[in-house]
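Peer 1: Please see the structure below; I have some questions.
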Amino acid sequence: MNGSDGRTTQFEQRVRALLEESVARVDHRVRARLRAARRAAVEEAARAPRAPWWRALTLLPTAGAVAAALLVALVLWPQRMDQSLPLNGGGTAVLEDLDLLVEAESEELELIEGWDRGFYEWAVAQADSGRGTSG
Amino acid sequence: MPDSRTYDRSRALDRFLAEIEVRAFRIAQIALRNEDDALDVVQDAMLRLARAYADRPPEEWKSLFYRILENRIRDVQRRRSVRSRFMAWLPGRQNDPEDEPDDPIADAPSEEPSVVQRLQLDEAIGVLEGALRELPRRQQQAFLLRALEGLDVAETARAMGCSEGSVKTHYFRAVQSLRARLGDTWP
């Protein structure tokens, strides 16, 4: 209590004394509940001792996820930048994309129709060799 | 079985909480005007301190505890504010029972030196509490932490999360307001 004059100090002392009195008059029921709360808190502190390495472990998944996200971003960023650049002009890039699409579609069709490229190549070779021997 | 370090820390924490629990309850009770709410926030502050800060140096506990307590008091006040705004919409609702003054019979003192003394003290404490409740929250907080809990300016600043200059200002204004309010009854 730091009053600037004697009167203030006296006033503050009186307030403090009354507040102390009000603390002393807190009833037993409330004190019992506060005691129970304190015991629960102390038990909680004893039950969950924290160690620095354990705290660090709890942060590992988060740190790992962040690191992985950064890594993926770093890997994808240049590719995305490359794709966004026009190759010999925009038209060429579009045509190349279409070629890739058509090739992919034809391969898919071959698979759907059960076309076995190896078998047909072998059969053609057999036919060619038969023609050669008979001719 | 707990090791000796854990045991020592538990004992220190127990001593610390035993030392402050009743004062903390009074501070919360003056702020919240409700015994059950005050008990709840003190209990919650104790648990949070034990869970999160028991490893910190004991000399930091007081500031940390009162910071936690203040946050919890503010949470309760905010919830009440929202609830009272909501309840105001309901028809036939006049007052929230929690807003009514404390029942003097329920707050009966544990020790009774004499009937006259008790009545005088009751009256003086009641007037003081009324004046304290009228203070702005930060002034009330600064005043109670300094006058009731006995924190110094630096500890109060840490507990309130503000500068030492702000603490001095809040405290000075609180004293001025209390003097203006209680000056007639306290010559």
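The values are calculated or read from the model by the stated rules, or taken from the named source; none is laboratory data. All values derive from a computational prediction rather than experimental measurement. Note that we place each Cβ from the backbone using ideal geometry, even for glycine, and neighbour counts take in every protein chain shown.
Peer 1: Looking at segment A:7-26, I want the residues that are in contact (Cβ under 8 Å) with a residue 12 or more places away in the chain and have a partner that is surrounded by fewer than 16 Cβ atoms within 10 Å (Cβ to Cβ) and not β-branched (Val, Ile, Thr) with Cβ atoms under 9 Å, at least 6 apart or on another chain. Which pairs are those?
Peer 2: That search, which allows pairs on different chains as well, returns A:Gln13/A:Met1; A:Gln13/A:Gly3; A:Arg16/A:Met1; A:Arg16/B:Gly150.
Peer 1: Let me ask you something else. Can you pull out every residue in segment B:159-181 that is touching a Phe, Trp or Tyr at 6+ places or on another chain (Cβ under 8 Å) and within 13 Å of another protein chain (Cβ to nearest Cβ)?
Peer 2: Result: B:Tyr171, B:Ala174, B:Val175, B:Leu178, B:Arg179.
Peer 1: Now for a separate question. Take segment B:1-18 and flag every residue that is under 15 Å from B:Lys62 (Cβ atoms) and more than 8 Å from every other protein chain (Cβ to nearest Cβ).
Peer 2: Those that are under 15 Å from B:Lys62 (Cβ atoms) and more than 8 Å from every other protein chain (Cβ to nearest Cβ): B:Ala12, B:Arg15, B:Phe16.
Peer 1: Assuming A:Gly91 fulfils every condition listed in (1) at pLDDT below 55; (2) part of a helix (DSSP H, G or I); (3) surrounded by fewer than 10 Cβ atoms within 10 Å (Cβ to Cβ) apart from one, which condition is it?
Peer 2: Result: A:Gly91 passes all but (3).
Let's see how each residue does on (1) in contact (Cβ under 8 Å) with a residue 24 or more places away in the chain; (2) farther than 17 Å from A:Gln13 by Cβ:
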position: B:Leu135; (1), (2): yes, yes
position: B:Ala147; (1), (2): no, no
position: B:Ala154; (1), (2): no, yes
position: B:Gly161; (1), (2): yes, yes
position: B:Arg173; (1), (2): yes, yes
position: B:Ser177; (1), (2): yes, yes
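Peer 1: Name the residues in segment A:48-72 that are assigned to a helix (DSSP H, G or I), at pLDDT below 85 and either of a type outside the set (Lys, Arg) or in contact with a Pro (Cβ under 9 Å, 6 or more places away or on another chain) (or both), would you?
Peer 2: Matches in segment A:48-72: A:Pro52, A:Trp53, A:Trp54, A:Ala56, A:Leu57, A:Thr58, A:Leu59, A:Leu60, A:Pro61, A:Thr62, A:Ala63, A:Gly64.
Peer 1: Can I ask one more? Every residue in segment B:128-158 that is more than 9 Å from chain A (Cβ to nearest Cβ) and β-branched (Val, Ile, Thr), please.
Peer 2: Across segment B:128-158, the qualifying residue is only B:Thr156.
Peer 1: Let me ask something else about it. In this structure, does B:Val41 turn out to be more than 9 Å from every other protein chain (Cβ to nearest Cβ), over 19 Å from A:Ala24 (Cα atoms), out of contact with any Ser or Thr (no Cβ under 8 Å at 6 or more places or on another chain) and modelled with pLDDT of 90 or more?
Peer 2: In short, yes.
Peer 1: May I pose another question? Can you say whether B:Glu21 is more than 10 Å from chain A (Cβ to nearest Cβ), crowded, with 18+ Cβ neighbours inside 10 Å and either closer than 21 Å to B:Leu151 by Cβ or at pLDDT below 80 (or both), as far as the supplied structure shows?
Peer 2: no
Peer 1: Of the numbered conditions (1) of a type outside the set (A, V, I, L, M, F, W, C); (2) buried (at least 16 other Cβ atoms within 10 Å of the Cβ); (3) modelled with pLDDT of 85 or more, B:Gly130 fails exactly one; give the number of that condition.
Peer 2: (2)
Peer 1: Check B:Lys168 against each of (1) more than 16 Å from the chain's Cα centre (by Cα); (2) not in a helix (DSSP H, G or I) and name the one condition it does not meet.
Peer 2: B:Lys168 satisfies all of (1) more than 16 Å from the chain's Cα centre (by Cα); (2) not in a helix (DSSP H, G or I) except (2).
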